[in-house]
Amino acid sequence: MIKSVIFDFNGTLFDDGKYHKVAWGIVSKELRGYPLTIEEMNHKLNGYTNENILKYVTEDSLSKEELIYQSSRKEAIYRDIVKEIEGGAKLIDGATDFFNFLINKNIPFTISSASIKENIDFFIKTFKLDSFFDVSTIVYDDGRFNNKGQMYKESLKVMNFIPEETLIFEDSITGIKGAYEAGVKDVIAIYNENLLNRYKEFPLKKIVTNYNNLSDLF
């Protein structure tokens, strides 16, 4: 029985892949002279920390200080892009209703994200996440984690969740792998057309496009 929920954020609660790709394209062109390829965008971005992506783009040639600077700069570019979305940025359809459903069912939930703190703070303000989440429990890229598996293990620890009773929502292959590595077997993928064939590699509970009509999971 599912008694707790962990959400990834980027691509899972907020469909923002294209904005990250634009920002990484700008940074990549400046650092190595050319933007990311479509193949790189699909397989080297989602679920990876900024440090890992920057090491890949620069062939691990940046100092720790340069990694921190370029990571912060890329995210500043990304946030500026999101701020300019016509009509304002919105969570994936049904997300807030699903949060309220979980609250009414007394099912605890949190976020585990590869985003840096500046972005998490931006998301909390933009989407009023503190209306639904105890934002102090959000796990993010603070430099301690090498992959999403470690992040999910930290979320399980922080929330005192039992892996066998936890459901994780993810969109990336690395994130899905991380969920299983953390001992969570119930994983739902948020639809990504570019990854449908890869999703078949995993015993996913479901593949969904939004958060409507999920009450039958509990």
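Tabulated results
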read-out	value
Extreme residue, nearest to the chain's Cα centre (by Cα), among residues of segment 120-167 that are among the small types (Gly, Ala, Ser), surrounded by fewer than 16 Cβ atoms within 10 Å (Cβ to Cβ) and part of a helix (DSSP H, G or I)	136
Unmet criterion (only one of (1) over 15 Å from residue 119 (Cα atoms); (2) assigned by TED's automatic domain parsing to the domain that holds residue 145) for residue 43	(2)
Within segment 1-96, helices (runs of 4 or more DSSP H) holding 3 or more residues that are more than 25 Å from residue 155 (Cβ to Cβ)	17-32, 38-43, 64-83
Output for segment 125-134, where each listed residue is under 12 Å from residue 111 (Cα atoms) and either touching a Leu at 6+ places or on another chain (Cβ under 6 Å) or touching a residue at least 12 places away in the same chain (Cβ under 8 Å) (or both)	129, 132, 133, 134
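The values are calculated or read from the model by the stated rules, or taken from the named source; none is laboratory data. On a predicted model such as this, the values are computed, not experimentally measured, just so you know. Positions of Cβ are backbone-derived with ideal geometry, glycine not excepted, and every protein chain shown enters the neighbour counts.
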